[in-house]
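In what follows, a structure is listed as structure tokens, so that the remarks can point back to it.
The values are calculated or read from the model by the stated rules, or taken from the named source; none is laboratory data. Owing to the predicted nature of the structure, the values given are computational and were not obtained by experimental measurement. Cβ placement follows ideal geometry from the backbone for every residue including glycine, while neighbour counts extend to all protein chains displayed. The protein model used for the area step is the full one, side chains on, heavy atoms only, and it has no ligands, DNA or RNA in it. Shrake-Rupley method; radii C 1.70, N 1.55, O 1.52, S 1.80 Å.
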Amino acid sequence: MTNSHQSMKPSGIFRDTGFTQNIVLIQLIGLCPIILSGISLKYGVVLTVCTMLVQVNISLLMSVLGGRIPDWLQPPVCAIVSAGLLLGAGYVIGQYISPELYAGLDIFVPLIAVSTLVTYRAGGFAAHNHPGAALADALGASLGFGVVICIVAALREIVTFGTLWDVPIGFEPIFARGALPFVGFILLAYMAAVLQKILMVSRMIREPRPDSRDGDSTNRDFFAEIEHIGDIENDEDIADPDKIPGSGDPARS
Amino acid sequence: MRFKRGKPPYLRKRDKAVYMRLDVLIALAPLVAFSCIYYGMRPLYVMLHGIISAMLFDGIGNLFLRRPPGWADGTAAVTGGIIAAVMSPAAPYWMPIAAAAFAIFAIKIPFGGAGRNIFNPAAGGLAFITLCFDGRMFTYPAPNTPIGDITQIVTGESLGSLLRSGAATSFKPADLLIGDFPGPIGTVAIAILLACAVYLLFRRSISVFTLLPFLAVCTGYAVLFPRVGTGWENSVMLELCSGYLLFAGIFIVTDPVTSPKFWLGRIFYGAAGGILVMLMRTAGRFEEGCCFAILILNTFAPAFDRLSWKAIYRTRTYWQRLKGVRK
């Protein structure tokens, strides 16, 4: 689930990082900006655009030059180039789009330079593959991240502030502390569960359930065998001295 | 060496595990009844909202887990009951419902449902409400004022806020035992709480190894670091009777699912719980941060079990080697 993909075609790679092994929900990379800064849809979109900018450029760069840079030098190079790109992006946002937006995003725009999302894909995948694959991977990762952060940010904004994209939508903010990190964690957890269910269902549709005589069925419910261990509903046979092996007369057993 | 193998929760008699949860509900009943004497019927309604909503959410959650909706297993009712008992008598009805929803859907179900949760769901629900609605959670009505409309209640200062602001003086023990001070539904009637503790201990529904170290450490902390200027007796009395510390010690910390199983592990667990709860109170942001302390403590339960089992095993083998019994 790390740096290899199931198929090496660009469309396959894009679908992999973006959906089937979503970089945020399944590989759990890049959670920090979502949880701390994904509180408003505008922030989400800005972070997505910045991440995509950095990711695509760094991946292409590493794909072309990565073979020639030694392993230990790759992260610093990524960080410096990303920082340069983000300096420009930050300037554009602060001057031409909205200074309040840039101030509200605080440290999270510069943080993308050292974000796991960028270095993981750049050093792990892009450095060893040709530019087409690297581009597909970069787009998949950043769009995968983008969809997740936008959904989380939109939900949190509606619940916490009652607005969407800073436009009041007539929904009274019921939950003033929705900007706290724990809401982000729980939302991400439920989204990951939903994605897993979607993937499981789509896998079961594509591959019909194999015969139960096979020992090894990949679609079998993982918990079916161990489900009833430790169940406290099975109250009837708890600690019945007659049923415990070895507790009777030693001479008898 | 012959090992006996029983099924958890390792009861000696042939006793159903659901009796433990039933005992807790029985113990909550007089507390609610007593609160109704002071405040009218509202505490009972809050408790019913809590229990029924918790059971409903648990039924829905068990469908996600593909288990039968086990209302017969009582854990959801206990969660709802504990959450409601820590609510203020003037809490709006949606508060125990929201707390129960968080407790079941975010703390209990994702970790595997009844019997497999790592964190105490009641503590989690209370943490959610404390964090998000701390103003309403900690406004308590003055005793002996029947509550009609909750927007027009006469509020009183709870012991917790008095201790926190340093303005606590001495209270008569009789007042504290009867529960004649503002506080949550199930936690002010100290005499009844102690009776509940005795009942649960003798029914073996809670463990004395968890409860006594917890209370001892809290007392010790109150003696050593008093927040009251009038002597250590007052400090101990007020610290133990304020907020929901005693209630948490009896009902939440001793929860059999989330606490260690070994006796020495339970002693460490109770003691650590006492330290964490008192720290959360004195150095924390809210007047009663017990629920956060319990959530942190829950993570240590398996570690205490392992630690104490290894300590005893190693001491015993060392002693046997010393005596020449074992090589």
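For B:TRP309, the solvent-accessible surface computed with a 1.4 Å probe is close to 140 Å², ligands and nucleic acids excluded.
What the phi angles of region B:36-47 give under the Karplus curve with 6.51, -1.76 and 1.60, with θ = phi - 60°, is a coupling list of 5, 5, 7, 10, x, 7, 4, x, 5, 5, 4, 4 Hz, glycine and proline written as x.
With 28 Å as the limit, the listed pairs A:LYS9/A:LYS42; A:LYS197/B:LYS16; B:LYS16/B:LYS108; A:LYS9/A:LYS197 have A:LYS9/A:LYS42; A:LYS197/B:LYS16 beyond it between alpha carbons.
In this structure B:TYR318 has an accessible area near 140 Å², from a 1.4 Å probe over the protein heavy atoms.
Taken residue by residue and averaged, Cβ atoms of other chains lying within 10 Å of the Cβ of A:173-183 number 2.
A:LYS42 sits with roughly 60 Å² accessible to a 1.4 Å probe, with DNA, RNA and ligands left out of the calculation. Only protein heavy atoms count here, probed at 1.4 Å, and on that basis chains B and A bury about 2500 Å² of accessible area in total.
Using only Cα atoms and rounding to the nearest 10 degrees, what angle (0 to 90) does helix B:121-132 make with the longest principal axis of chain B? Tilt relative to chain B: about 40 degrees. Relative protection proxy for B:108-115, A:97-104, from highest mean packing down: B:108-115, A:97-104 (other beta-carbon atoms within 10 angstrom). Overall, the protein assembly as shown carries a charge dipole of about 2140 debye about its Cα centre when +1 sits on the Cβ of Lys and Arg and -1 on the Cβ of Asp and Glu, all other atoms neutral.
Of the accessible area of region A:2-206, computed with a 1.4 Å probe over protein heavy atoms only, carbon and sulfur atoms account for 72 percent.
Could you state the angle between the C-alpha long axis of helix B:190-202 and the longest principal axis of the C-alpha atoms of chain B, as a value from 0 to 90 degrees rounded to the nearest 10? The two axes meet at around 20 degrees. Our helix-only sum for chain B, with -39,500 (n - 2.57) per DSSP H run of n ≥ 4 divided by its residues, gives a mean residue ellipticity at 222 nm of -18500 deg cm²/dmol. Normalised per residue, the accessible area of chain B is 45 Å², obtained with a 1.4 Å probe and no contribution from ligands, DNA or RNA. The angle separating the long axis of helix B:301-323 from the principal Cα axis of greatest extent in chain B is about 40 degrees. Within the accessible surface of region B:18-312, defined with a 1.4 Å probe on protein heavy atoms only, the carbon and sulfur portion equals 72 percent. Among A:ALA127, A:ILE34, B:PHE64, pick out the residue whose Cα is farthest towards the positive end of the charge dipole of the protein assembly as shown, where Lys and Arg carry +1 and Asp and Glu carry -1 on C-beta, about the Cα centre. The residue sitting most towards the positive pole is A:ALA127.
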